[in-house]
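See structure below.
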Amino acid sequence: MFLIVNGKPHPLPEPLMLTELLHSLSPMAPFAVAHNEEFVPRGAYDTCRISPGDRIDIVFPTAGG
Amino acid sequence: MRNRNEGQMVLYGQKFCSRLLLGTARYDSPSLLADAIGAADPAMLTVSLRRQLAGSKDSGQCFWNLLRDTQRPILPNTAGCRTAREAIKTACMARELFQTDLIKLEVIGDELNLQPDPFGLVEAATELVKLGFKVLPYCTEDWVVCRRLMDAGCEVLMP
């Protein structure tokens with residue numbers, strides 16, 4: 001089973017919470033997260049359940065404007 | 001007597017001594033960007049968000065540290081967004097990251113010339129204002145679109 005992280009397939013052996021997924025991915029701070037095109041506030045990481053086929057976007061600040 | 005507020009720029013009730021908004025893209029190096037910021041003394045710096053790449057050495061930490069060191073107000077943007085939903089999502093992520101309600105709203109309708117999508121722009125602006133954002137929409141000089149953006153609650157336009 002897979003989910004999509006930043007546009008790329010990522011193995012998902014079983015459903016888990018976003019907190020656990022981020023722990024395994026270890027993105028470098030600072031970052032923000034969206035789940036299936038919806039922003040997930042940091043306070044909701046513990047309650048956001050990740051299932052097969054879900055899409056996760058992890059973004060960080062970059063030059064632009 | 002000269003009014004001491006003369007020349008100040010006021011955006012959503014916040015006063016700035018400079019009227020310059022400085023982009024942070026296309027500098028050859030972080031030090032060059034830092035030099036430009038020091039020389040320009042801008043009111044705000046505009047920044048973007050980008051997906052982190054797994055294993056990438058570029059985590060944004062260097063740029064983030066530079067932003068914090070300049071202590072300038074930040075104006076995040078929704079560059080690259082092509083739908084209202086995408087722009088709203090990006091704005092929310094930007095608000096959490098940069099701790100600001102200000103957002104330069106971009107909803108692009110044409111990848112080649114970066115013409116704004118007026119329909120997506122008004123839709124996103126309407127929703128973001130309801131969510132408490134202070135929206136600076138990137139728009140054209142189309143008077144009707146500008147009027148719609150103002151009706152949606154935008155107090156600033158960026159044609």
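No lab work stands behind these numbers, since they all come straight from the coordinates. Note that this is a predicted model, so its numbers are computed, not measured. Note that each Cβ is placed from the backbone with ideal geometry, even for glycine, and that neighbours are counted across all protein chains shown.
Tabulated data
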item	result
Scope the range B:113-147; condition more than 22 Å from B:CYS92 (Cα to Cα) and either β-branched (Val, Ile, Thr) or not in a loop (DSSP other than H, G, I, E, B) (or both); matching residues	B:THR140, B:TRP143, B:VAL144, B:VAL145, B:CYS146, B:ARG147
Top-ranked residue in the range A:1-53 [being out of contact with any strand residue (DSSP E or B) (no Cβ under 9 Å at 6 or more places or on another chain) and assigned to a strand (DSSP E or B); ranked as surrounded by the most Cβ atoms within 10 Å (Cβ to Cβ)]	A:GLU38
Close pairs (7 angstrom Cβ cut-off, 6 or more residues apart or separate chains): closer than 15 Å to B:LEU97 by Cβ in the range A:28-49, basic (Lys, Arg) anywhere	A:ALA34/B:LYS89; A:PHE39/B:LYS89
The range A:33-47 - residue that is more than 7 Å from chain B (Cβ to nearest Cβ) and not β-branched (Val, Ile, Thr) and, of those, farthest from A:THR19 (Cα to Cα)	A:ASN36
Residues of the range B:84-112 classified as more than 9 Å from every other protein chain (Cβ to nearest Cβ) and either acidic (Asp, Glu) or surrounded by fewer than 24 Cβ atoms within 10 Å (Cβ to Cβ) (or both), total	11
Count of the range B:123-152 residues which are within 30 Å of A:ALA44 (Cα to Cα), surrounded by fewer than 22 Cβ atoms within 10 Å (Cβ to Cβ) and not acidic (Asp, Glu)	7
